[in-house]
Amino acid sequence: MAVSTSPVVMRSHDDGILTLTLNRPEVLNGLTDEVLDAITDGCSEAASNDELRAVIITGAGRGFCSGQDLRTDLGERGIDVGGHLRDHYVPMIMAIRRLEKPVIAAVNGVAAGAGMSLALAADFRIAAESARFVQAFVRIGLVPDSGSTYFLPRLIGVAKSLELAMLGETVDADHALQLGLVHRVVPDEELPSAARAFAVRLTHGPRSLGLIKRLLTASLDSDLASQLEAEELAQLEATTTDDFREGVTAFLEKRPASFTGH
Ligand code: LHQ
């Protein structure tokens with residue numbers, strides 16, 4: 001297992017999985033530019049390294065991510081908040097969505113503000129029983145950012161999204177499961193192994209997993225005709241992969257397929 005440690009995000013890769021662990025537990029993994037850029041860099045590494053086939057994002061300590069670190073000077077007037085969002089938050093969210101490999105948020109504790117947006121940007125959310133989700137923005141007089149206004153209504157509908165965003169109430173893990181915000185809820189101590197088992201399963205998947213992510217991501221903003229066209233192109237691409245050949249051969253030979261991600 002290769003492990004490299006930075007002060008704010010720990011990176012480890014093992015068995016085709018890149019794990020990014022936000023590592024500022026004293027502020028429940030509040031986001032700074034350095035943290036945001038480290039997550040973006042992690043996604044770039046996952047995109048360029050063929051051996052990596054899934055990414056897990058999680059938090060050290062009792063929090064997943066408390067959103068923007070409010071101890072920085074962002075509250076002061078005159079600070080270029082727009083530039084800050086554009087230069088650090090947007091690249092991180094786009095890197096997660098553009099990465100044609102599955103990204104799993106292992107939500108180990110509170111996910112607040114842009115920390116909740118980060119979890120929503122992932123493809124899968126596995127939550128510990130003690131996980132909580134808070135659209136904390138309104139509590140400090142802000143609007144949801146980092147994609148929350150995009151992902152939330154698509155995941156849970158406009159009515160529930162308005163409620164969460166306007167009331168800023170805390171949603172616990174079971175409620176999040178009921179709402180469809182998370183895929184699984186597991187006991188706290190089982191979260192790392194559950195997230196890992198989920199990721200391992202995906203690392204055995206074919207190259208078409210990335211194409212499926214591309215298509216479903218595109219479908220959120222497109223019409224039927226465009227989507228049918230995108231499916232055709234992606235299917236053409238899928239038929240050129242080694243994994244497609246292996247899938248058909250394995251079917252005909254009545255054995256499980258062994259995919260390489262190519
Ligand atoms: C924190 C934080 C934090 C610093 C806990 N910062 N220290 C906005 C602005 C502009 C551009 C970019 O984008 C954004 C996006 C955003 O994300 S805005 C939303 C920012 N986040 C929040 O407003 C959440 C603030 N935190 C909280 O509401 C609570 O801490 C939550 C609900 C997350 C957890 O509550 P508790 O479990 O009761 O923990 P706690 O409040 O006691 O926090 C533990 C420590 O962490 C504490 O420090 P201390 O020294 O007293 O032990 C907090 O001050 C610190 N902390 N969040 N975001």
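See the values below:
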item: Residues with amide H under 5 Å from that of Gln68, placed H, sequence gap 5 or more; result: Leu31, Ala114, Gly115
item: Interatomic Cα distance distribution for the chain, bins of 5 angstrom, percent; result: 1, 6, 12, 17, 18, 17, 12, 8, 5, 2, 1, 0, 0, 0
item: Sequence-distant residues sharing a close amide H with Gly59 (under 5 Å, placed H); result: Leu22, Asn108
item: Under the Karplus curve 6.51 cos²θ - 1.76 cosθ + 1.60, θ = phi - 60°, whole-Hz ³J(HN,Hα) for segment 195-206, x wherever Gly or Pro sits; result: 5, 5, 4, 4, 5, 4, 4, 5, 5, 8, x, x
item: Taking segment 117-197 and dividing mean pair separation by its residue count, relative contact order in percent (alpha carbons under 8 Å, at least six apart); result: 45 percent
item: Inter-probe distance in nm under a simple model that places probes 7 Å from Cα toward Cβ, at Ile140 and Leu162; result: 2.7 nm
item: Percent RCO, i.e. relative contact order, over the chain, from Cα pairs under 8 Å lying at least 6 residues apart; result: 16 percent
item: In sequence order, calculated HN-Hα J values of segment 25-38 (Karplus, 6.51, -1.76, 1.60; Hz; x Gly/Pro); result: x, 5, 10, 6, 6, x, 8, 10, 4, 4, 5, 4, 5, 5
item: Cβ-Cβ FRET estimate between Ser48 and Thr170, R0 fixed at 41 Å, reported to 0.05; result: 0.60
item: Cα Rg, Dmax, segment 132-216, angstrom units; result: 15.6, 45
item: Efficiency of FRET between Glu100 and Leu252 - r from beta-carbon atoms, R0 30 angstrom, step 0.05; result: 0.60
item: Estimated [θ] at 222 nm from DSSP helical runs (n ≥ 4, -39500 (n - 2.57)) normalised by residues in the chain, nearest 500; result: -13000 deg cm²/dmol
item: In Hz, Karplus ³J(HN,Hα) per residue of segment 130-143 (6.51, -1.76, 1.60; θ = phi - 60°; x = Gly, Pro); result: 8, 5, 9, 10, 9, 7, 6, 3, 5, 4, 10, x, 10, 9
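Every number in this text was worked out from the coordinates using simple rules, so none of it is lab data. Being a predicted model, the structure only gives us computed values, none of them experimental. Methodologically, a virtual Cβ is constructed for each residue, glycine included, from the backbone with ideal geometry; neighbour enumeration extends over all protein chains shown.
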